[in-house]
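The values are calculated or read from the model by the stated rules, or taken from the named source; none is laboratory data. Every value quoted in this text rests on a predicted model; they were computed, and no experiment measured them. Cβ placement follows ideal geometry from the backbone for every residue including glycine, while neighbour counts extend to all protein chains displayed. For accessibility, only protein heavy atoms count, side chains too; no ligands or nucleic acids. Shrake-Rupley method; radii C 1.70, N 1.55, O 1.52, S 1.80 Å.
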Amino acid sequence: MTAPLPWLQTQWGQVSRQMEQGRLPHALLLTGPTGVGKLTLARALTRSLLCEQRSDEGAACGECRGCRLMAAGTHPDTVEISPEEDSKVIKIDQIRTLSSYLSLTTQYGGAKVALVHPADALNVNAANSLLKTLEEPAAHAVLILCTSRPASLPATVRSRCQTLRVGIPPADVAAQWLAPQLQSGEFSAEQLLALASGAPLAAAALVGSDSLACRRRVVEGLAAVVTGRQDPVSVSSEWLKAGAELPLYWLYSVTTDIIRLRSSPEHGASVANADLMATLQRIGERVNLRELFARHDQLTAALRAARGQANPQLLLEDLLIGWTPST
Ligand SMILES: [Zn+2]
């Protein structure tokens, strides 16, 4: 069967073969960067598992009762678990409910499929609770965990799953997939892919999103702080209108570019934010390379802190203070 996305042939070939041979493990761990299609792969596998007349190659028919219920989002034998609204974590209660759900017999006699994403959002108690289900899975149960940060999962959970890695696809494959979806707009497929570190679904999601406007605000704000035209507090409040995650992502992206430009100007070709290169060069001229590396390290730590309980306003202010001109 054709893979759900062109760069997933290997992974799809593996799971569909296992499915046909009845050797699909009870737990799969799909890993890889954000925006490469882990969830798409997991959902395609779910559809195939619940199809009542799938093809020899593992393709869901799209017409049977199972497929119709899947399309309507009402199939009783599958469930997706994510952090509840306003929460960053998957809680133990959600996993307890999931475990008892998986232990029940299936409504339609096929598999019972649970999708947990992002699996790194499982808090410690939830992960421990999930471990029990992984150790003694019901015969019909298939658990699919998706994460871009497998190291955040306990080794005990990881070791009970078959890991399937989805990497960044070759640039030409990604661009061929993305280009036909773009209206003639501000950015080419290649530019969007560069901004999304090569992850095709993340690149597609940039089109028409607030993310690109946030990127512009980050570059303008950074330039204003570096030249002393604006103070870190007002700039960080401005950035926070988009939440903390996006400004941090773009600050990381542009800081990496500034270091590239600063350390060797011929790296101009490899910067992600090529359209804003002139501004990035001007920022880079005001900060020496050693300080830039310090800012980069600080940013890496801030990205980690942002996943926890850190106060986003203080986090951004703290980062921006590092960029203020020394007096
Ligand atoms: Zn079907």
### Query
In degrees from 0 to 90, rounded to the nearest 10, what is the angle of the helix 38-50 Cα long axis to the longest principal axis of the chain?
10
### Query
Rounded to the nearest whole Å², what accessible area per residue is found for the stretch 209-321 with the 1.4 Å probe?
50
### Query
Under 18 Å from the Cα of K241, which lysines turn up, not counting those fewer than eight places away in the same chain?
none
### Summary
Straight-line reach check, K91, cutoff 19 Å on alpha carbons, 8 or more apart in-chain or any other chain, hits among lysines -> K132
### Task
Show which aspartates and glutamates lie in cross-link reach of K88 when reach means a straight Cα distance below 18 angstrom and same-chain residues fewer than eight apart are skipped.
E80, D120, E245
### Message
I'd like the distance between the alpha-carbon centres of the stretch 72-91 and the stretch 184-239, rounded to an integer number of Å.
### Response
30
### Task
Excluding I283 itself, calculate the net charge of residues whose Cβ lies under 13 Å from the Cβ of I283, where each Lys or Arg counts +1 and each Asp or Glu counts -1.
+2
### Query
How much accessible area per residue does the stretch 6-165 have, in Å², with a 1.4 Å probe?
48
### Query
Residues with amide H under 5 Å of I144's amide H, sequence separation 5 or more or different chain, H placed in the peptide plane at 1.01 Å from N; which?
L28, A114, L115, V116
#### Entry: Heavy-atom accessible surface of the stretch 209-321: percent carbon and sulfur, 1.4 Å
53
### Task
Tally up the carbon and sulfur contribution to the accessible surface of the stretch 6-165 as a whole percent, 1.4 Å probe, everything protein left in place.
48
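What is the Cα radius of gyration of the chain over 2.2 N^0.38 Å, N being its residue count? Don't jump to the answer; show the numbers that get you there.
Numbers: Rg = 22.6 Å, N = 327, 2.2 N^0.38 = 19.9 Å.
Ratio of Cα Rg to 2.2 N^0.38 Å: 1.14.
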